[in-house]
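Working notes for the structure below.
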Amino acid sequence: MKKLILVFVLVSTFIVNAQKKYSGKKLNFTVEQKVNLVLKKMTLNLDLTEKQQKQIRPIIKAQITKRVAELEKRKQNKIDNNELSVDEAYAMKIKRLDDKIFIKKSLKKILNKNQLKKFEERRKYMKGRGKKRGRIHCKS
C-alpha cells in the first residue's frame with residue numbers, strides 16, 4: 001500500500017510539473033529597439049539597400065507605435081473589464097485593414113518585385129504559423 005501511494009505521489013508530481021507553462025520574463029524593448037530589430041530582419045530576408053532601409057524605417061516606426069498604443073488600450077480595457085462593442089470591434093478591424101493597405105502600397109513603392117514577392121511569402125508563412133499554434137494573428 002505504501003508503495004502504491006509513493007508511486008501515485010511521484011506520478012502526480014511529474015504530471016503537475018509537465019503541465020507548467022513557460023513563465024520566463026518577457027523582454028520589453030523600446031519602440032526604437034523594436035524598429036531596429038524589424039529592420040534588421042527585413043534587411044536579412046529581403047536584401048534591402050541603405051536607401052530602402054531609410055525609406056522603410058518611418059513606416060515601421062509608425063506601425064510599431066500604433067501597435068504599442070493599441071496594446072496598452074487593450075490592457076486597460078482588460079483591467080477595467082470593458083468589452084468591445086460590435087461597432088468598436090468593426091472599427092478596429094477596418095483600421096487594421098486600412099493600415100495593411102497603406103503599408104502594402106508604401107512597400108510597393110520602395111521594394112522591387114522580387115523583394116515584394118519575398119515579403120508577401122514571408123507574411124503568409126508567418127500568418128499560417130500562428131494559426132497552426134492556435135492563435136489568431138492580426139499583425140500588420
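Under 8 Å by Cβ, and 6 or more places apart or on different chains, what pairs join a residue from the stretch 61-80 that is within 17 Å of Glu32 (Cβ to Cβ) with one that is surrounded by 13 or more Cβ atoms within 10 Å (Cβ to Cβ) and basic (Lys, Arg)?
Ile64/Lys34
Restricting attention to the stretch 83-94, does a residue exist that is assigned to a loop (DSSP other than H, G, I, E, B) and either under 22 Å from Arg122 (Cα atoms) or among the hydroxyl-bearing types (Ser, Thr, Tyr) (or both)?
Looking for residues that are assigned to a loop (DSSP other than H, G, I, E, B) and either under 22 Å from Arg122 (Cα atoms) or among the hydroxyl-bearing types (Ser, Thr, Tyr) (or both), one finds at least one in the stretch 83-94, hence yes.
Out of all the residues in the stretch 9-28, is one or more aromatic (Phe, Trp, Tyr) and modelled with pLDDT of 80 or more?
no
Based on what the data block shows, is Glu72 more than 28 Å from Leu116 (Cβ to Cβ), modelled with pLDDT under 85 and acidic (Asp, Glu)?
Details: more than 28 Å from Leu116 (Cβ to Cβ): yes; modelled with pLDDT under 85: no; acidic (Asp, Glu): yes.
The answer is no for Glu72.
Could you look through the stretch 93-140, keep only residues that are of a type in the set (Phe, Trp, Tyr) and under 25 Å from Thr65 (Cβ atoms), and pick out the one that is modelled with the highest pLDDT?
From the stretch 93-140, those of a type in the set (Phe, Trp, Tyr) are 102, 119, 125; that's our starting set.
Those still in the list that are under 25 Å from Thr65 (Cβ atoms) too: 102, 119.
Values: Phe102: 93, Phe119: 88.
Looking at the filtered set, the residue picked out is Phe102.
The values are calculated or read from the model by the stated rules, or taken from the named source; none is laboratory data. This structure is a prediction, so every number in the text was calculated from the model and none was measured. Here the Cβ is made from the backbone with ideal geometry for all residues, glycine too, and neighbour counts use every protein chain on show.
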